[in-house]
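**Q** Sharing a structure with you now.
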Amino acid sequence: MSDVMEHFRKTILITGGAGFIGCHVVKRFVRNYPDCLILNFDKLTYAGNLENLSEIENENNYRFLKGDIVNEADVSKVFADYQIDSVIHLAAESHVDRSISNPMAFIMTNIVGTVNLLNAAKLNWAGKMNDKRFYHISTDEVFGSLGETGFFTETTPYYPRSPYSAAKASSDHLVRAYYHTFDLPVVVTNCSNNYGPNQFPEKLIPLMIHNIKNKKPLPVYGKGDNVRDWLYVEDHAEAIDLVFHQGTTGETYNIGGNNEWKNIDIVRHICRIMDDKLNRIAGESEELITFVTDRPGHDLRYAIDASRIKKELGWSPKHDFEKGIEKTIDWYLTNTLWLENVTTGEYRKYYEQQYDNRQ
Ligand code: NAD
Ligand code: TYD
């Protein structure tokens, strides 16, 4: 057992802290809670990048632990080495397109990995569950696809339609099962699409920014009519902080941006902003838009009703989309080294597989 914990009030284990959302959560917790030891447990898959955490990596209350949640021994070791008070579980395979080409990685990490963490918490917290918390971060994609109207609420039945969302749905059910069966003090949130700095450029917004910058084709699936509800990542991190501290055990909160965009509209919007920023002729980047074969089983629309978290915990997004997207574009244009470093050989290989047969 590490003696470093003596200096801290609590030890919080954050999984997936080197990823997109995780790094914003880790940075927020390290800065806001200097009396807590923040452990970042991450396998460093293609999506995990320790450069995301360079601002806080030398802080006293931060430790990085490399490990795989699918490996029971790795998970047991963290719980043996540290007296963990809480878990904030973000580690996951997160990209729908990858879940279509390789579902098994999603089953292993999102389901088996989550159960390994649940088992370790259950074992180590037996008889002292009172001041513990297992916070599972999930997605609105578990609810399936909406038509042109309506919103997902906390009671919308699950109807996942991709291997990614089915694996996340399965993990949500298991987390709730451990609450009902074993009294594990869990809380769950289901959030809409995030955007912002540090997102791996295989997801819509950073991919478009990257390709516009490099004058490469902008692959829009189908007709671009699919709708997503976009939330700035720091607003999600703030909601996570709030639910972690004030959410009711056993409950679920939906988190969303109340900010619906059709894919084609968002791509055109980014093109216009970037033409301006890069001193290009108006309309130049839109010429790069290329409609490609649709994603199989492509969910038409996601939209979150976030009234519960607003009413009960007083949360609402602080960033309006105009400012948030501009901040995001500026970040990618400024952090050229970050982009260069993540666009590795593996990424290019994946990118080619993904898009070469879609043109
Ligand atoms: P991401 O893909 O950017 O990062 C995932 C992180 O998990 C990476 O650092 C990766 O190295 C790590 N990881 C993957 N497999 C692991 C394993 N087996 N063991 C340990 N670490 C592992 O994902 P993200 O977009 O930051 O999403 C984080 C969480 O939030 C996920 O659970 C996702 O389902 C959820 N979520 C994401 C969004 C979104 O728009 N990105 C929206 C709602 C919910
Ligand atoms: P994505 O960022 O992969 O998030 P999710 O599928 O989890 O919502 O995709 C967002 C939307 O953009 C989704 O409707 C699929 C679409 N899309 C494209 O049209 N082209 C692309 O190259 C990508 C990656 C996504």
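**Q** Take the residues in the stretch 273-314 that are of a type in the set (Gly, Ala, Ser) and out of contact with any helix residue (DSSP H, G or I) (no Cβ under 6 Å at 6 or more places or on another chain); name whichever of them is surrounded by the most Cβ atoms within 10 Å (Cβ to Cβ). Can you show your working first?
**A** Pass one, the stretch 273-314, residues of a type in the set (Gly, Ala, Ser): 282-283, 285, 297, 303, 306-307, 314.
Keeping just the survivors that are out of contact with any helix residue (DSSP H, G or I) (no Cβ under 6 Å at 6 or more places or on another chain) gives 283, 297, 303, 306-307, 314.
On the way: Gly283: 11, Gly297: 12, Ala303: 22, Ala306: 26, Ser307: 15, Gly314: 9.
Within the stretch 273-314, the match that is surrounded by the most Cβ atoms within 10 Å (Cβ to Cβ) is Ala306.
**Q** Another question about this same structure. Could you list, in sequence order, the residues of the stretch 167-216 that are assigned to a helix (DSSP H, G or I), closer than 18 Å to His89 by Cα and in contact (Cβ under 8 Å) with a residue 12 or more places away in the chain?
**A** Step one: list which residues in the stretch 167-216 are assigned to a helix (DSSP H, G or I), which gives 167-182, 204-213.
Now drop any that are not closer than 18 Å to His89 by Cα, which leaves 167-179.
Selection gives Ala167, Lys168, Ala169, Ser170, Ser171, Asp172, His173, Leu174, Val175, Arg176, Tyr178, Tyr179.
**Q** Restricting to the stretch 287-310, name every residue that is over 28 Å from Asn102 (Cα atoms) and either aromatic (Phe, Trp, Tyr) or in contact with a Leu (Cβ under 7 Å, 6 or more places away or on another chain) (or both).
**A** Leu288 - this is the single residue of the stretch 287-310 that is over 28 Å from Asn102 (Cα atoms) and either aromatic (Phe, Trp, Tyr) or in contact with a Leu (Cβ under 7 Å, 6 or more places away or on another chain) (or both).
**Q** Moving to a separate point now. Condition (residue is in contact with a Phe, Trp or Tyr (Cβ under 7 Å, 6 or more places away or on another chain), farther than 22 Å from Lys203 by Cβ, at pLDDT below 95 and part of a loop (DSSP other than H, G, I, E, B)) applied to the stretch 2-17: is it met by at least one residue?
**A** yes
Listed here are the residues, each with its yes/no results for (1) closer than 23 Å to Asn259 by Cβ; (2) within 12 Å of ligand 1 (Cβ to nearest atom).
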{"position": "Tyr164", "(1), (2)": "yes, yes"}
{"position": "Ala167", "(1), (2)": "no, yes"}
{"position": "Tyr178", "(1), (2)": "no, no"}
{"position": "Leu184", "(1), (2)": "no, no"}
{"position": "Ser192", "(1), (2)": "yes, yes"}
{"position": "Gln199", "(1), (2)": "yes, yes"}
{"position": "Ile209", "(1), (2)": "yes, no"}
{"position": "Lys216", "(1), (2)": "no, no"}
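**Q** Could you tell me which numbered condition Trp331 fails, if it satisfies all but one of (1) loosely packed, with under 12 Cβ neighbours inside 10 Å; (2) modelled with pLDDT of 95 or more; (3) in a helix (DSSP H, G or I)?
**A** Of (1) loosely packed, with under 12 Cβ neighbours inside 10 Å; (2) modelled with pLDDT of 95 or more; (3) in a helix (DSSP H, G or I), only one is false for Trp331: (1).
**Q** Name the pairs whose Cβ atoms lie under 8 Å apart, with the first residue in the stretch 35-48 and closer than 16 Å to Phe200 by Cα, the second acidic (Asp, Glu) and modelled with pLDDT under 95, and 6 or more positions between them or separate chains?
**A** That search, which allows pairs on different chains as well, returns Tyr46/Glu346.
**Q** Select from the stretch 43-60 the residues that are over 19 Å from Glu234 (Cα atoms) and touching a helix residue (DSSP H, G or I) at 6+ places or on another chain (Cβ under 6 Å) and write down the one among them that is modelled with the lowest pLDDT.
**A** Only one residue tops the list, namely Tyr46.
**Q** Another question, then. Report the residue count in the stretch 31-47 for those that are in a loop (DSSP other than H, G, I, E, B) and either surrounded by fewer than 21 Cβ atoms within 10 Å (Cβ to Cβ) or basic (Lys, Arg) (or both). Break it down into steps so the answer makes sense when it comes.
**A** As a first pass, look at the stretch 31-47 and keep what is in a loop (DSSP other than H, G, I, E, B): 33-35, 43-47.
With the extra rule that they be either surrounded by fewer than 21 Cβ atoms within 10 Å (Cβ to Cβ) or basic (Lys, Arg) (or both), the set shrinks to 33-35, 43-46.
Looking only at that region, the number is 7.
**Q** Do any helices (runs of 4 or more DSSP H) lying entirely in the stretch 67-165 carry at least 3 residues that are away from ligand 2 (no atom under 16 Å from the Cβ), and which ones are they? Break it down into steps so the answer makes sense when it comes.
**A** On the way: elements: 72-81, 96-101, 103-106, 114-124.
Where helices (runs of 4 or more DSSP H) fall fully within the stretch 67-165 and carry at least 3 residues being away from ligand 2 (no atom under 16 Å from the Cβ), they are 72-81, 114-124.
The values are calculated or read from the model by the stated rules, or taken from the named source; none is laboratory data. Just so it is clear, the model here is predicted, and its values are computed rather than measured. Please note: Cβ atoms are built from the backbone with ideal geometry, for glycine as well, and neighbour counts cover all protein chains shown.
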